[in-house]
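Structure first, then comments.
The values are calculated or read from the model by the stated rules, or taken from the named source; none is laboratory data. This structure is a prediction, so every number in the text was calculated from the model and none was measured. Counting neighbours? That spans all protein chains shown, and the Cβs are built from the backbone with ideal geometry, glycine included. Side chains are part of the model used for accessible areas, which takes the heavy atoms of the whole protein and leaves out ligands, DNA and RNA. Shrake-Rupley method; radii C 1.70, N 1.55, O 1.52, S 1.80 Å.
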Amino acid sequence: MADSPSPAAKPPAGHQPGARQPGTQPSARPARAPDASRRSERSRRAILDAALALVGEVGYNKLTIEAIAARAGVGKQTIYRWWPSKAAVLLDASLALAGDAETEGDWSGFPDTGDIAADLKHVLRLTVDQFNDEKYEAPARALTAAGSTDPELGRRFTRELLEPALGLYEERLRSAVAAGQVGADVDIRIAVEMLVGPLTHRWLQRTGPLTHAFADTCVDQVLRGIGARPDGG
């Protein structure tokens, strides 16, 4: 006859299962694995910040992947794993910078106060301030130059940076059309380019000072030219 199993021994009085007994060492907790995604995001942001800082310091022509890697504290191959060129790094850095500007400036969208002239002047003045800010100027000039000789970069620059911004102007002008402040026969896209084009030209070619007064004049003349009626009458 097989032996019957012995009953389990009872723990000593006062012993709690799992409790550490006097004279014993606590068991070590398992080490938490490092968060690879967080580490990658830190490296990515360090690279973008380094590219923005360096293009302001040395200019686009002297900017190199090696210098960006050294400033960011990463290997050169880390950068090439994510971007094919310094221009591509700079484009993503500019996109991140634009996102930061919206957050820091508490941007809540293109204003629609019912006064089309005031709303356009408000946003164009912000554009003037951004164009005149060294933090934005250097990467914007570099991308404009690089995009003129690199068709794919130019298309991406237009698609991801320019078009979303122009779309906000178009939406505001359509609202003005619906309110009867702008004629329904106005070509919205051309009107938008008439508004932002002079600012971009003056900034890029340095044909004159880029000021709030200049932005206001552009708005007044474009609205007059397209027969805007601020009161909707």
**Message:** Quick check on the stretch 121-137. Is at least one of its residues open to solvent by 40 Å² or more (accessible area, probe 1.4 Å), assigned to a loop (DSSP other than H, G, I, E, B) and either at pLDDT below 95 or of a type outside the set (Phe, Trp, Tyr) (or both)?
**Reply:** yes
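Residues that are assigned to a loop (DSSP other than H, G, I, E, B) and either loosely packed, with under 14 Cβ neighbours inside 10 Å or not aliphatic (A, V, I, L, M) (or both): does the stretch 213-223 have at least one? It would help to see each step written out before you state the result.
Going residue by residue through the stretch 213-223, those that are assigned to a loop (DSSP other than H, G, I, E, B) are none.
Looking through the stretch 213-223, none of the residues is assigned to a loop (DSSP other than H, G, I, E, B) and either loosely packed, with under 14 Cβ neighbours inside 10 Å or not aliphatic (A, V, I, L, M) (or both).
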**Asked** In this structure, is Glu102 acidic (Asp, Glu), surrounded by fewer than 13 Cβ atoms within 10 Å (Cβ to Cβ) and at pLDDT below 85?
**Response** yes
**Request:** Check the stretch 164-183 and report whether any residue there is within 30 Å of Ile68 (Cα to Cα) and either open to solvent by 30 Å² or more (accessible area, probe 1.4 Å) or not in a helix (DSSP H, G or I) (or both).
**Result:** yes
**Request:** Return the total of residues in the stretch 55-83 being assigned to a loop (DSSP other than H, G, I, E, B), more than 20 Å from Lys135 (Cβ to Cβ) and under 21 Å from the mean Cα position of the chain (by Cα).
**Result:** 1
**Request:** Could you please let me know if Thr207 is open to solvent by 60 Å² or more (accessible area, probe 1.4 Å) and among the β-branched types (Val, Ile, Thr)?
**Result:** yes
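Which one of these is open to solvent by less than 100 Å² (accessible area, probe 1.4 Å), modelled with pLDDT of 55 or more and not aromatic (Phe, Trp, Tyr): Ala93, Ala9, Ala2, Ala19? Steps first, please.
On the way: Ala9 fails: modelled with pLDDT of 55 or more; Ala2 fails: modelled with pLDDT of 55 or more; Ala19 fails: modelled with pLDDT of 55 or more.
Every option except Ala93 fails the conditions.
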**Among the residues listed as Ala165, Ala215, Ala191, the single one being under 23 Å from Leu97 (Cβ atoms) and modelled with pLDDT of 95 or more** = Ala215
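Going through Gly147, Gly114 one at a time, which residue ends up being in a loop (DSSP other than H, G, I, E, B) and within 30 Å of Ile226 (Cβ to Cβ)?
Values: Gly147 fails: in a loop (DSSP other than H, G, I, E, B).
Of Gly147, Gly114, the one residue that is in a loop (DSSP other than H, G, I, E, B) and within 30 Å of Ile226 (Cβ to Cβ) is Gly114.
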**Request:** Please name all residue pairs, on different chains or six or more residues apart, with Cβ atoms under 7 Å, provided the first residue is in the stretch 54-80 and is of a type in the set (Val, Ile, Thr) and the second residue is part of a loop (DSSP other than H, G, I, E, B).
**Result:** Val55/Leu63
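Would the stretch 170-183 turn up any residue that is under 19 Å from Gly99 (Cα atoms) and touching a helix residue (DSSP H, G or I) at 6+ places or on another chain (Cβ under 8 Å)?
No.
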**Request:** Consider Thr113 carefully, then state whether it is free of Cβ contacts under 8 Å to residues at least 12 places away in the same chain and open to solvent by 80 Å² or more (accessible area, probe 1.4 Å).
**Result:** yes
**Request:** Keeping to the stretch 184-212, report how many residues are more than 12 Å from Lys121 (Cα to Cα), of a type outside the set (A, V, I, L, M, F, W, C) and part of a helix (DSSP H, G or I).
**Result:** 8
**Request:** Take the residues in the stretch 184-193 that are surrounded by 15 or more Cβ atoms within 10 Å (Cβ to Cβ) and more than 25 Å from the chain's Cα centre (by Cα), then tell me which one is nearest to Val219 (Cα to Cα).
**Result:** Ala191
